[in-house]
Amino acid sequence: MASLWNLQETKEGLQFKIKVQPRASKNEIAGLQEDALKIRLTAPPVEGEANAACIRFIAQKLGIATSRVTIVSGHTGRNKIVLVEGVNKEQLLQQLGL
């Protein structure tokens, strides 16, 4: 299933698509939806709260500092592209349980 997910290794790190569902009952990874990782977050999509929660959640799941997770595009929408520094594909898939 993870083979459908487009993980791109760049010189900066690992880049991938996510789809965020704000105002969920809990923070969790909801699997893959099309070519994106679906993440449910309790934070509302107001004033960047969901983006900040998304960065914290991904960093916590991967066991890395929040400074190593960046939202590259999609700051105002549900569909985003995220860049994670210092993690390879195998580590990412293992840490996220995919």
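List of remarks:
- Being among the polar types (S, T, N, Q), under 18 Å from Leu98 (Cα atoms) and open to solvent by 20 Å² or more (accessible area, probe 1.4 Å) is a description that does not apply to Gln21.
- Being open to solvent by 20 Å² or more (accessible area, probe 1.4 Å), in a strand (DSSP E or B) and at pLDDT 95 or above is true of Ile81.
- All positions within segment 84-98 that are assigned to a helix (DSSP H, G or I) and either more than 15 Å from Trp5 (Cα to Cα) or open to solvent by 70 Å² or more (accessible area, probe 1.4 Å) (or both): Glu90, Gln91, Gln94, Gln95
- The combined condition, being modelled with pLDDT of 95 or more and over 11 Å from the mean Cα position of the chain (by Cα), is not fulfilled by Thr70.
- Flag if Thr42 is hydroxyl-bearing (Ser, Thr, Tyr), within 15 Å of Val87 (Cβ to Cβ) and open to solvent by 20 Å² or more (accessible area, probe 1.4 Å): no
- In segment 40-59, the residues that are part of a helix (DSSP H, G or I) and more than 18 Å from Leu93 (Cα to Cα): Glu49, Ala50, Asn51, Ala52, Ala53
- Of Leu37, Leu62, Leu7, Leu14, all but one fail to be surrounded by fewer than 19 Cβ atoms within 10 Å (Cβ to Cβ), of a type in the set (A, V, I, L, M, F, W, C) and within 21 Å of Gln91 (Cα to Cα); the exception is Leu7.
- Hey, Ala52 among the hydrophobic types (A, V, I, L, M, F, W, C) and surrounded by 13 or more Cβ atoms within 10 Å (Cβ to Cβ) or not: yes
The values are calculated or read from the model by the stated rules, or taken from the named source; none is laboratory data. All of these numbers come straight from a predicted model, not from anything done at the bench. Here the Cβ is made from the backbone with ideal geometry for all residues, glycine too, and neighbour counts use every protein chain on show. Just so you know, the surface numbers come from the protein's heavy atoms only, side chains and all, with ligands and any DNA or RNA stripped out. Shrake-Rupley method; radii C 1.70, N 1.55, O 1.52, S 1.80 Å.
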